[in-house]
Amino acid sequence: MNMNIIPALPEILMAAMIVLILLVDAFVGEDKKSINTGITLIALISVYIVQVLVYNPHTQLAFNNMFILDSLAQGMKLVTYIVSFIVVLYIKQYITDKKLQKGEFYAIFLFVILGIMVMISADNMLILYVGLELLSLALYALVALNRDNIKSTEAAMKFFILGALGSGLLLFGISFIYGATGGQLQLEEVIKYTYQSDVPNNALLVFGLVFVVAGLVFKLGLVPFHMWIPDVYEGSSLATTTIIGTVTKIAGVVFVIRFLINGLVLLSPQWSLMLALLGVLSLFIGNIVAIAQTNIKRMLGYSTIAHMGFVAFGLMTVSVDGISSTLFYTIIYVLTSLAGFGALTMLSRGSYECESIDDLKGLSKTHPIYAGIILLVMFSLAGIPPLAGFYAKFKILEALIAVGYIKLATYTVIMSFIGAFYYLRIVKVMYFDENTIDLRLADVNIVSRSVLMLNALTLLVLGIVPSGVMAFCLKLISG
Amino acid sequence: MLTTVLFYVFAIILVFSALKVVTSKNPISSVLFLVLAFVTSACLWLMLNVEFLALVLIVVYVGAVMVLFLFVVMMLDIDVETMRKGFWKHLPLAILLGIIVLVEMVLVILNKPMVITGSPEVVSNNISNANQLGWVLYTQYSYPVELASMILLLGLVAAVAITLRKTDKNAKYQDIRKQVSVKASDRFEMINMPAEVEVDNLEPQNKEEVK
């Protein structure tokens, strides 16, 4: 029995910080609630430091091998902390303005991060599932927290019911794999079993795989399991949309990598075909339906569906290049949408919510800096060189062509062209339309504003010199 | 032989009651059928020699959760008609899709043989079920148990955050400081009143009240 808990110290510290924030929130007065923001930021910094301290180049196991700290887990956790830290900087003024309860909001946000940490370093299907539930439950609560808004309540209900359905599919699939492998939940044991046996002829295993893939892509939001994404993006407050649109994507992609690469890699002929089909549908629906949207949050929801199609293509190559490109794509996508949502939250002053495309009319005249940030974000999402989004798409295409999916790569390029339309429309609205709405900035402090500008500049810098991050992603995979 | 017969009896009852949960007209009978479904699955578990889990299922789900459900269903005034609107309209499509999925599953399973290699360790009869369960829960599965506790904490926090309203007019709070520092003169006032009141003045102001 291996009860070594050192590698899991960051998780333990995070759980302690959650309890601390709940206790502090219960005792401080209404006027001192901003202390919760401070504790959240301190929690993220301290967890980052502990995470760096526990690192050692060998893979570490803990809790009877259910917990794994390999280079993938280490790297992606560090990225999660940094992104979450930036998210808090962006949304803290928004939360104060919109009177979302601060203590609870931050506590539940830290629960989200704990769920992500558990998922990222799970080495057992049971833990993957428990981590996913921790993450999903926290997200349902965050959406429902904006309870006086009927749209949020509806979105939370839809999210909850569809999410429960997705978890059900996943569990059903896991139970078949458990049966087929003679009672194995540990990922490396599943691999060992599939090595020894005649996989393609084992109907039980493939049958379970279908449901597992359905459950996994439900969480990523690939077509036809995408119904919840636009409603949840539109219905939640911008703060919650920022969280769902950024940090949880990291968890989703690593989750799929753990399940399909670490556990069921020998079934890749089966699942890569499924991912290819789902990716083709996602790119189509995501890009076409996004054109018809008038709400930016909803439009970004459909754009997420299209981007997750790219992720599916990257994973289906089952090559080191493909997987590391997928990680690179995810990191770039998260950074890009982080800047986009950050700009939108800062443009929502008081009880006003900047969410309609018409709100951005003539933004270049009133707030040229914010218009510039959104311009960079939209260009990066559309994949226009020299921005980071272009290089990310390029790497995925390269990986696709390297394993011979030329038709799929062509299709991807065509769909990206169609997608460019709605990103560029935002740019057109900002720069060429007359200003109709007096949009005022929220009282964001200088730190958050400069972080937002740095974030937008990163998109440009990473587009020109992507090699550092790319090497980082490659190291995460090859170990 | 007997176990096989029992298994099929329980399985048929289970599937039937699960169907009735979804299809019965009255929400109360839905809940009662759900109770039946839980009890039947507890019986199935008993046949697998997992007494403790079977009993927990009955005690926790039937005894606590389902009673709470019944209570909520009776408390809320649910308009069954609006809830069931469109049920018959969508039923043919739903049945069609269900049959397609079923046929697909059956075809997959019949087409290739199912291979099950080995089975999980058979439960020993020497140690009690609860003992064994506790042993693995707090050693081998301590990590998921800890995580489950975090999920429970989250559920608690989320439920309070979503429902508690401090500005609610109906909310009643005790302010201990006010309670302690209260004086008799705050609560009790002497008023001069005439000892006798004339009967004419006691005429009812509203006829409804008299009735």
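Here is a yes/no grid of residues against (1) modelled with pLDDT under 95; (2) closer than 29 Å to residue A:85 by Cα:
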{"site": "A:117", "(1), (2)": "no, yes"}
{"site": "A:122", "(1), (2)": "yes, yes"}
{"site": "A:142", "(1), (2)": "yes, yes"}
{"site": "A:147", "(1), (2)": "yes, yes"}
{"site": "A:152", "(1), (2)": "yes, yes"}
{"site": "A:158", "(1), (2)": "yes, yes"}
{"site": "A:179", "(1), (2)": "yes, no"}
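Counting only residues that are facing chain A (nearest Cβ under 7 Å), surrounded by fewer than 17 Cβ atoms within 10 Å (Cβ to Cβ) and within 21 Å of residue A:137 (Cβ to Cβ), how many does the range B:130-150 have? Don't jump to the end; show me each part of the working.
Keep residues of the range B:130-150 that are facing chain A (nearest Cβ under 7 Å), which gives B:139-140, B:142-144, B:147-148, B:150.
When the remaining residues are screened for being surrounded by fewer than 17 Cβ atoms within 10 Å (Cβ to Cβ), the result is B:139-140, B:148.
Then drop every residue that is not within 21 Å of residue A:137 (Cβ to Cβ), which leaves B:148.
Of the residues in the range B:130-150, 1 are facing chain A (nearest Cβ under 7 Å), surrounded by fewer than 17 Cβ atoms within 10 Å (Cβ to Cβ) and within 21 Å of residue A:137 (Cβ to Cβ).
Just one of (1) within 30 Å of residue A:282 (Cβ to Cβ); (2) more than 11 Å from every other protein chain (Cβ to nearest Cβ) fails for residue A:211. It is (2). Among the residues making up the range A:1-15, those that are closer than 28 Å to residue B:135 by Cβ, more than 11 Å from every other protein chain (Cβ to nearest Cβ) and either free of Cβ contacts under 8 Å to residues at least 12 places away in the same chain or part of a helix (DSSP H, G or I) (or both) are A:6, A:7, A:9.
Here residue A:137 passes the criteria (1) without any contact (Cβ under 8 Å) to a residue 60 or more places away in the chain; (2) more than 9 Å from chain B (Cβ to nearest Cβ); (3) not hydroxyl-bearing (Ser, Thr, Tyr) except the one numbered (2). Here the condition is being assigned to a helix (DSSP H, G or I) and over 17 Å from residue A:226 (Cα atoms); of A:258, A:298, A:349, it holds for A:258 alone. Taking the range A:160-187 as the range and being more than 13 Å from every other protein chain (Cβ to nearest Cβ) and out of contact with any Lys or Arg (no Cβ under 9 Å at 6 or more places or on another chain) as the test, the residues that pass are A:161, A:162, A:164, A:165, A:168, A:171, A:174.
Can you find even one residue in the range A:202-219 that is at pLDDT below 90 and assigned to a loop (DSSP other than H, G, I, E, B)? Yes, the range A:202-219 contains at least one residue that is at pLDDT below 90 and assigned to a loop (DSSP other than H, G, I, E, B).
Each row is one residue, and each column tells you yes or no for (1) crowded, with 22+ Cβ neighbours inside 10 Å; (2) within 19 Å of residue A:336 (Cα to Cα).
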{"position": "A:378", "(1), (2)": "yes, yes"}
{"position": "A:414", "(1), (2)": "no, no"}
{"position": "A:425", "(1), (2)": "no, yes"}
{"position": "A:438", "(1), (2)": "no, no"}
{"position": "A:448", "(1), (2)": "no, yes"}
{"position": "A:453", "(1), (2)": "no, yes"}
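Of all positions in the range B:43-65, none carries a residue that is in a helix (DSSP H, G or I), at pLDDT 90 or above and within 14 Å of another protein chain (Cβ to nearest Cβ). Scanning the range B:66-77 for residues that are under 30 Å from residue B:42 (Cα atoms) and in a loop (DSSP other than H, G, I, E, B) gives a single hit, B:76.
The values are calculated or read from the model by the stated rules, or taken from the named source; none is laboratory data. Here the structure is a predicted model, which is why all the values come from computation and not from measurement. As a convention, Cβ positions derive from the backbone with ideal geometry for all residues, glycine included, and neighbour counts pool all protein chains shown.
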